[in-house]
């Protein structure tokens, strides 16, 4: 999905927070932000319900059965791939939004520097997820 | 110098109008969603590192009231992200049928809320069946 930036004008936020003049990499981040926003919107509420409420709660027998089922599902390679994609895009989405929120709260002059923790964190999380899923 | 002009504004500008506050609330959902994603990675890490036994132990340790509260906050934030995200879809991606623009509520349901409820229903059905 493209064009997610259009909905973000409410706070007086410029869609291009990057360098003035020359080429900017902002378009790439906005595209990833939009794709990740869709993924997070579609999947995260259900994920929270499953891992936050359905798996931990309930009596032991039910929990054990659900956990085994969960482990089997996550171990299936198409689910692994899908999960990796959802996690990677959602992490970039969060990183981008955190960076722009920081810029809106007065750190705009550090927009370049903020890329390091925000996108670097998302990349680290993606690599972590890939390694974990590989090992399941 | 960046060469860009930025109008100065107060740090707490988002308290100045209800619309700004809603905007900031929407933006802040990403901190909770991000925090949950880290918890999800830890959960997957337990399964990868110690198999089902470690996963069961971990899940038992996150079943206390504080963890349930944290997950509830994450759920509210995640649902708010979903509602606002798909609510903006008709503006971001208008659909035209010939000359007529598809009404916003229908576009939001077709492009967002419908798929979301379907995905959620399928995942929950799969876990609860």
For chain B, take the longest principal axis of its alpha carbons; what is the angle in degrees between that and the long axis of helix B:114-128, to the nearest 10 within 0 to 90? 10
Fewest-first ranking of B:57, A:26, B:52, B:99, using other Cβ atoms within 10 Å as the exposure measure: B:99, B:57, B:52, A:26
Quick check: convex hull over the Cα atoms of segment B:9-63, volume per residue in Å³, rounded to an integer? 97
Classify the protein assembly as shown from the C-alpha gyration tensor, please: rounded if a/c falls under 1.5, else prolate or oblate depending on whether a/b exceeds b/c. prolate
Quick one: if you stick a label point 7 Å off each Cα along the C-beta vector at residue B:61 and residue A:79, how many nm between them? 2.3
By count of other Cβ within 10 Å, fewest leading, how are A:94, A:118 ordered? A:118, A:94
Taking Cα atoms only, helix B:65-92 is inclined relative to the longest principal axis of chain B by an angle, in degrees rounded to 10, of 30
At 0.36 nm per residue, and after removing the present C-alpha to C-alpha distance, how many nm does the segment from residue A:130 to residue A:107 gain when stretched out fully? 5.1 nm
Assuming R0 = 41 Å, can you tell me the calculated FRET efficiency for the pair residue B:129 and residue B:9, based on Cβ-Cβ distance, to the nearest 0.05? 0.20
Angle between chain B longest axis and helix B:18-61 axis [Cα atoms, degrees, rounded to 10]: 20
Could you identify which residue out of B:86, B:23, B:32 has the top mean-square fluctuation in a GNM of chain B using Cα springs shorter than 10 Å? B:23
Fewest first, what order do B:61, A:34 take by the number of other Cβ atoms within 10 Å? B:61, A:34
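Taken together, the values in this text are just the output of simple stated rules run on the coordinates, not laboratory data. Just so we're clear, the structure is a prediction, and the values are computed from it rather than from any experiment. Cβ coordinates were reconstructed from backbone atoms using ideal geometry, including for glycine residues, and neighbour counts include every protein chain displayed.
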